[in-house]
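Novice: Before anything else, here's the structure in question.
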Amino acid sequence: MWSTAREIAAGDLVIIWLTRDLVQPLIITPGKDFNSKFGHYRHADLVGIPYGSKVASRTGKGFIHVLRPTPELWTMALPHRTQILYLADIAFITSHLNIKRGSRVIEAGTGSGSFSHSVARTVGSIGHLWSYEFHEVRASKAREEFARHGMNDIVTLTHRNVCKDGFTVTDAVDAVFLDLPAPWEAVEHAKVALRKDRTTRICCFSPCMEQVMRTVNALNDAGFTEITMYETLLRPIDVSHVPVLQPVGEISEKLKQAERKREDKRLKQIAAGRQSTSKRKREDEGTPVKDQTIMEEAAEEAAGGSKRIKTDDEDGAPLDAVPTPAMDLDPHEESDAALPTTVASPPAPSPSPIAPKKISVSKVMPEVRGHTSYLTFASLQPFEPPAEPAPSAAAAMLAP
Ligand code: SAM
């Protein structure tokens, strides 16, 4: 759909990423400038640099990222002529309509073309999208954009009122998506356009429940089945890294363990030294040598006659693997919104017992944002022509 070259060329459409909330399209036109609160840039300076580059402004203050367009970025950057579909809904609709490479799809209306770009990429050159828009200016703007973005072979845009005049294809498409104020008026037309040799799908996007009810009635009347309504809602989760203060008791326990470990190492070194001397001596005398006895003797001697200290080797776990407060937290637990709530990943054990730790925590935002519309899906089962009635016995006798 867009340039696949590594470097930006004059005439390319690029996406300028200023901030997460400020993303805009730009056609590279040498001789023109791009100015924003993040600095001053010459288009000519962007020619020849690789897509994805971070570019410093000419004044040295501020920078931009110059990205290759994708349908996702286009949705974030496109000029709005209508309300548009965003990625959460687009992804859900594409998946539930089973739209894939090679699919033949109808959408109405085209609006600002946000959904169209994603579907065009998904169906690819072996599929097709028929898009309908009854607002003339919007239709011609979208047509221009589709042409500029190299989508002419994949998308056919028709200026038409689909509720009144229906679609331009019959028994042809795998899926229909209706983003119209009165989708129920287009349901019968959609049925005509859907292919009848396999199960096909429809989705209607409506912002309020009254519209959903009317659409469900129309779908039922038209013989659609599996009618199901969904709503996609976004719940933002704020993830950050915070230092964790360990309780004094745990720090002291870790220090003791480290001390024991050091002591154990020292004992082993002493034992190893003694063992080699003693072993050699006994071997010289012809006495069988028991390594364990020598180890114990050496340890007792080094520890001033006391019992040997238990080491990490004996219980099989290295002393460093003592659970820390961070590790003890339940990674799926949510707590008060005001506090860091969820541990996203346990930290690796720190190299020093008292090294400050940082853990990843996530805070679930209390409010759920993102209601755009309700999505009503339904299926149309393959059409089976009624079986020929069996000839009656009398008719069979009369037959020549
Ligand atoms: N899905 C689009 C997108 O992602 O950019 C946005 C669609 S916008 C909300 C709805 C569009 O439907 C409007 O542009 C409107 O002009 C068009 N429309 C409304 N009724 C129509 C009809 N009966 N036939 C064709 N288009 C219609």
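Novice: Please pick out the residue among 203, 208 that is assigned by TED's automatic domain parsing to the domain that holds residue 81, surrounded by fewer than 22 Cβ atoms within 10 Å (Cβ to Cβ) and out of contact with any Pro (no Cβ under 6 Å at 6 or more places or on another chain).
Specialist: Checking each option against the conditions leaves just 208.
Novice: Let me ask something additional. Output the residues belonging to segment 128-137 that are open to solvent by less than 10 Å² (accessible area, probe 1.4 Å) and more than 8 Å from the ligand (Cβ to nearest atom).
Specialist: 129, 131
Novice: Whether any residue in segment 177-185 is surrounded by fewer than 18 Cβ atoms within 10 Å (Cβ to Cβ), of a type in the set (D, E, K, R) and within 11 Å of the ligand (Cβ to nearest atom) is what I want to check.
Specialist: Yes, because at least one residue in segment 177-185 is surrounded by fewer than 18 Cβ atoms within 10 Å (Cβ to Cβ), of a type in the set (D, E, K, R) and within 11 Å of the ligand (Cβ to nearest atom).
Novice: Of the residues that sit in segment 186-237 and are among the β-branched types (Val, Ile, Thr) and free of Cβ contacts under 8 Å to residues at least 60 places away in the same chain, which one is farthest from the ligand (Cβ to nearest atom)?
Specialist: It comes out as 192.
Novice: A follow-up question, please. Filter segment 1-30 down to residues that are in a loop (DSSP other than H, G, I, E, B) and closer than 23 Å to residue 145 by Cβ, then give me how many there are.
Specialist: So the answer is 14.
Novice: Go through segment 211-251 and give me each residue that's surrounded by 12 or more Cβ atoms within 10 Å (Cβ to Cβ), outside the structural domain of residue 177 (by TED's automatic domain parsing) and out of contact with any strand residue (DSSP E or B) (no Cβ under 9 Å at 6 or more places or on another chain).
Specialist: Those that are surrounded by 12 or more Cβ atoms within 10 Å (Cβ to Cβ), outside the structural domain of residue 177 (by TED's automatic domain parsing) and out of contact with any strand residue (DSSP E or B) (no Cβ under 9 Å at 6 or more places or on another chain): 250, 251.
Novice: Can you go through 112, 140, 103, 125 and tell me which one is farther than 15 Å from residue 172 by Cβ and away from the ligand (no atom under 15 Å from the Cβ)?
Specialist: Sole residue among the options that is farther than 15 Å from residue 172 by Cβ and away from the ligand (no atom under 15 Å from the Cβ): 125.
The values are calculated or read from the model by the stated rules, or taken from the named source; none is laboratory data. These figures come from a predicted structure and were not determined experimentally. A quick note on method: Cβ atoms are made from the backbone with ideal geometry, for glycine too, and the neighbour counts reach across all protein chains shown. Note: accessible area is taken over every heavy atom of the protein model, side chains too, but ligands, DNA and RNA are not part of it. Shrake-Rupley method; radii C 1.70, N 1.55, O 1.52, S 1.80 Å.
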